[in-house]
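Asker: Can you keep this structure in mind? I'll have questions shortly.
Nothing in this text is a laboratory measurement; each read-out follows from the coordinates by a stated rule. Given the structure is predicted, the values throughout are model-derived calculations rather than measurements. Methodologically, a virtual Cβ is constructed for each residue, glycine included, from the backbone with ideal geometry; neighbour enumeration extends over all protein chains shown.
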Amino acid sequence: MLSRSLRMMAAAGIVCALSGCSSKPARTPVIGHAWAGPVTLNLHTEIDSKSPTVIAVHHGDKLEIVAQRRRWYKVRTENGIEGWTSDRELLDAAQMKRLKGLAAETRGLPSQGVATTFSNLNVHTEPSRQSPSFVQVKEKEKVDIIAHRVSERGAPAERRELIPPRPAPEKTKGKKEKASKIPEPPVPPAPEPPPGWLELSRQLDPKPDASEVPHGPLDDWTLVRTANGESGWVLTGGLYLTVPDEVAQYAEGHRITSYFSIGKTQDGSLQKDIWLWTTSDELGEDHDFDGYRVFTWSLRHHRYETAYIQRRERGFFPVLAKAGEFTVCLQKDDGSRIAKHYVMMGNSVRPAGVTPCAKALGPEAAPQELVTAQGPPPKKSFADRIKTRAKGLFGK
C-alpha cells in the first residue's frame, strides 16, 4: 500500500509539472506605470488612507499600475508588493522628465537671494497645491530664490497619462449594402437667417471682457533651489529672506523679494556690505517686484542710508548684480521689457544705459519666458548720444 501511494504522489507531481502547476498566484497584468511623488509614500491595503500600510516607497521609485478605482490606483513595487494610493501622489513619465529638467535648468541660474523658513515647508513639483510634494525644506534650512509665479488656487490639476489609452478596436468588414434603385429625394434649401442675426447673436451670447472675468483666490509661489541642487515650488508666504535686520528695518511694510551685496565699505575694523534689494507691495502680484533700492554705509553716521530708490515699476527676475554694478529688467507701458544698467561710483549710483532684456540677460541667465525678445535698438542721433553720455556722467 505504501509503495502504491508513493507511485500515485510521484505521478501527480509529474502531471502537475507538465501542466505548469505553481503554488504562486498569477501576477496581475500591468496596465500602466507611475513614479512615487512624495518624499515617503505609504501604500495601503484598501482604498482608504486610514487602512493599514503595506509598504512605504520613496520619491522617484518606479511603480507598476495593476488596477484603478476612480482616483485610486493599485500599484506594485519592484519587489512585487502591491498596495493602494491616491492618484495625486503619483507622477507620470512626463512629470518626472520635467522635474529632472527643472533641476538641470535652474542649476546655472543666478540666485535672487537666500531665504529660510520658520517651520518645515513642502516643496512641490508644480506651482499648484494639487501637485505632489517631493521634498521638504526643514526649519531654518536655507534655499536660493530663483523665480516667482502666481497661479489660481483650486485650478484643475494638469492632465496626466498614468495608464496609456487603449487602442481603438479594428472595424470588422461587414457586408456591403446594395445600392437602392430608387433615388433619394433632394435636400431642401436652408432657411434664410433673420435680419440682424449678428447683433442678435451678440446680445444672446456676449463675450465678457477679460478684465471682468471673475478669478478665484491666487496663490503666490517661489521657485527655490536647495543645497542638494533640487528645485521645486513653495508657497511664498512660508519664506523670509535673510536680509540683515539693520537693513530690513527700512522695508516700510513692503515685502522684500530679492537682495544682493554689490560692494563693501570699510569703517574702521568693520566691513559693511552695500545692499541692493527689490520689493513688492503684497503677495499675488503678476510681476516680481515694483521697486528697488540701494543702501550704503554712512561713515559719518555709522548707519545704513539710502543711496538710490526707484518705485512704481513692473520688474521681473532675474536681477543681475555683481561688485559695483547691477541690472534690472522692467516692463514698459507697451508691454516690452528693457534692462536698465547701473554702476556704483563711490557711494553714488549712476545709470549706465538701457538695452533689451533678452540681450542683457541672455539665454543662460533666465528661462526664455521671463524675457521678451526685441530687435536691435534704433540708431541715435549725435545730439541724443550727447544727452545719454551726460546722463551717465551726471545722473540728470
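Asker: I need the calculated FRET efficiency for the pair A323 and Q136, taking r as the beta carbon distance and R₀ as 22 Å, to the nearest 0.05. Mind showing how you got there, number by number?
Answerer: On the way: r = 35 Å, r/R0 = 1.60.
The formula returns an efficiency of 0.05 here.
Asker: In what order do E46, E252 fall by count of nearby beta-carbon atoms within 10 Å, going from fewest to most? It would help to have the intermediate numbers written out before the result.
Answerer: Details: E46 12, E252 7.
The most exposed by this proxy come first: E252, E46.
Asker: Using 0.36 nm times the number of residues separating R149 and R300, minus their current alpha carbon distance, what extension gain do you get?
Answerer: Values: separation 151, 0.36 × 151 = 54.36 nm, distance 4.16 nm.
Result: 50.2 nm gained on full extension.
Asker: Take the alpha carbon gyration tensor of segment 25-91, find the square roots of its eigenvalues, order them as a ≥ b ≥ c, and report rounded if a/c is under 1.5; if not, report prolate when a/b exceeds b/c, else oblate.
Answerer: rounded
Asker: Please compare each pair in K62/K97; K50/K100; K62/K140; K142/K359; K322/K359 to a cut-off of 22 Å on the Cα-Cα distance and tell me which ones are over it. Don't skip to the answer; put the middle values down first.
Answerer: Details: K62/K97 13 Å; K50/K100 32 Å; K62/K140 32 Å; K142/K359 31 Å; K322/K359 18 Å.
Over 22 Å apart, Cα to Cα: K50/K100; K62/K140; K142/K359.
Asker: Using Cα-Cα distances under 8 Å and only pairs 6 or more residues apart, what relative contact order does segment 25-91 have, in percent?
Answerer: Relative contact order comes out at 35 percent.
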